[in-house]
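Working notes, structure below.
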Amino acid sequence: MNDARSDSFPAAADARTVQNALNVLGDKQKKNLLARLFPFLGPAFIASVAYVDPGNFATNIQGGAQFGYLLIWVIVASNLMAMLVQALSAKLGLVTGKNLAEHCREQFPKPVVFAMWVLMEIVAMSTDLAEFLGAALGFQLLMGVPLLVGALLTGVATILILGLERYGFRPMEAVISSMVALIALCYLAETFIVKPDWGLVLHSAFVPRFAGGESVFLACGILGATVMPHAIFLHSALMQGRIVVRDKARLQSLYRFELVDVVIAMGIASCVNAAMLIMAAATFHATGHGAVAGIEEAYRTLEPLLGSSAKWIFGLSLLVSGLSSSTVGTSAGQVIMQGFLERHIPIWIRRLVTMAPPLLVIAAGLDPTRTLVLSQVVLSFGLPFAVIPLVMFTRRADIMGELVNRRLTTLAATLVAAIIVVLNVYLVYKTLL
């Protein structure tokens, strides 16, 4: 994501952010906690966009409409996994100055590197398919334009947002963080409107349960839509050279600040995901509309059930989610190609190329919501190939130095990787029966 400005001087906003961060790390800035924390916030918020993209809308709406509050625990567990994984990704880029894809290129044989690049490109395309379709649906639902026109508007909008990269990392972080905040506000409003059964919500958040093969399928979709491979690669790249310190004490302090960034950003993403499922459960499942599985149908059904304000809030959140996540997904694709192959193409060309799959889906008349859910399942298959290398590298002292994983951290991360693999194997078994 940094390649567009790698040969230029940092923008003024970037320079101020870096200097303020160094002042905080050097105890030269005796301000309140929020002011001290502010220079370090941003990277995790960009990564967190992947956790509130339109794929989450599709899987959470289907999960809530069909099974009520049953799968809230999957969201809670997935976001706890996400916090750990994203923290390790941030640490890898922060400590080594190299992103995950670059480490894979250096540590693995060339055939393996090439195979991983191909797989991650497929994952990136699946990601972009969900995000692009979601934004196009948002334009269609809010403006009444054909889905194809919404797709073209999405392409133009994301290219314009990506153009902010030439002005440094801070403007992009500010825009994406504002979009995340808007999505969160939309779902906060939705939650107040639907008035869910909070006792049942809390019970479902901490009691793991399934209800047949379809619930497992949707659980894997929720996992794939939450812990996302491209976000793991991207987060490590976002930390490269953002704030550079060398001595052990400052590096550890910097990492603690970035942990706070991760916890806040992923915590917001978790609440948004839970609110999506809660809205669907309280609105559709509880009123006998469990067959509502599509985003378009959910949008239309919200008005007679909850009033026009809920419908428009939902459409706005979908549009903002699609635009922000599609922008971030395109940047992640650049990081993946540059890291694995030491090659990159102009980002606007990548944007145009990755528009092809969603345009084909629209032209073929495929069901957008089902396509979104299937794309999230594809993402869950790609997760082990991001999580396992991340655990391998962050547990090695020769790579991580003083910030190498503790044994408990490595154990927890290994458990996360194992859960992902087991869920995917079970999904294949149930799907093929």
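Go from 0 up to the bin containing the longest alpha carbon distance in region 44-116, width 5 Å each, and give me the % of pairs per bin.
Binned Cα distances yield the sequence 3, 13, 16, 17, 15, 14, 10, 7, 4, 1.
For a Förster distance of 60 Å, can you work out the FRET efficiency between the beta-carbons of residue 122 and residue 23, rounded to the nearest 0.05?
So the FRET efficiency works out to roughly 0.85.
Over the Cα atoms of the chain, what radius of gyration and what Dmax do you get, in Å?
20.7, 63
Using Cβ counts within 10 Å as a stand-in for footprinting exposure, how do 121, 342 rank, fewest first?
342, 121
Between residue 198 and residue 407, what length comes free when the chain is fully extended (0.36 nm per residue of separation minus the Cα-Cα distance, one decimal in nm)?
That works out to 71.5 nm of additional length.
Ranked from highest to lowest mean number of other Cβ atoms within 10 Å per residue, what is the order of the peptides 44-57, 202-215?
44-57, 202-215
Quick check on the exposure proxy: order 132, 381, 169, 192 from fewest to most C-beta atoms within 10 angstrom.
192, 381, 169, 132
If you plug each phi of region 41-53 into the Karplus form 6.51 cos²θ - 1.76 cosθ + 1.60 with θ = phi - 60°, what whole-Hz ³J(HN,Hα) values come out, in order, with x for Gly and Pro?
7, x, x, 5, 5, 5, 5, 5, 4, 5, 8, 10, 8
With a point put 7 Å past each Cα toward its Cβ, work out how far residue 247 is from residue 185 in nm, to one decimal.
Modelled inter-label distance: 4.2 nm.
Please turn the phi angles of region 270-285 into ³J(HN,Hα) values with the Karplus equation 6.51 cos²θ - 1.76 cosθ + 1.60 (θ = phi - 60°), one per residue in order, whole Hz, x for glycine and proline.
Going residue by residue, I get 4, 5, 5, 4, 4, 5, 4, 5, 4, 4, 5, 5, 6, 8, 9, 5 Hz, with x marking Gly and Pro.
Lysine pairs, Cα distance under 19 Å, 8 or more residues apart or cross-chain: how many in the chain?
5
Suppose each label sits 7 Å from its Cα in the direction of the beta carbon; what would the residue 418-residue 107 distance come out to in nanometres?
2.0 nm
Where the only charges are on Cβ atoms (+1 Lys, Arg; -1 Asp, Glu), what is the dipole of the chain about its Cα centre, to the nearest 20 debye?
Charge dipole, the chain, about its Cα centre: 1100 debye, nearest 20.
Using the 10 angstrom Cβ neighbour count as an exposure proxy, how do 69, 426 rank, fewest first?
Going from least to most buried by this count: 426, 69.
For residue 70, which sequence-distant residues (separation of 5 or more, or a different chain) have an amide H within less than 5 Å of its own amide H, given hydrogens modelled in the peptide plane?
Answer set, sorted by chain and number: none.
FYI, it's all coordinate maths here, none of it is from the lab. What you see is a predicted model; the values in this text were computed from it and never measured. Please note: Cβ atoms are built from the backbone with ideal geometry, for glycine as well, and neighbour counts cover all protein chains shown.
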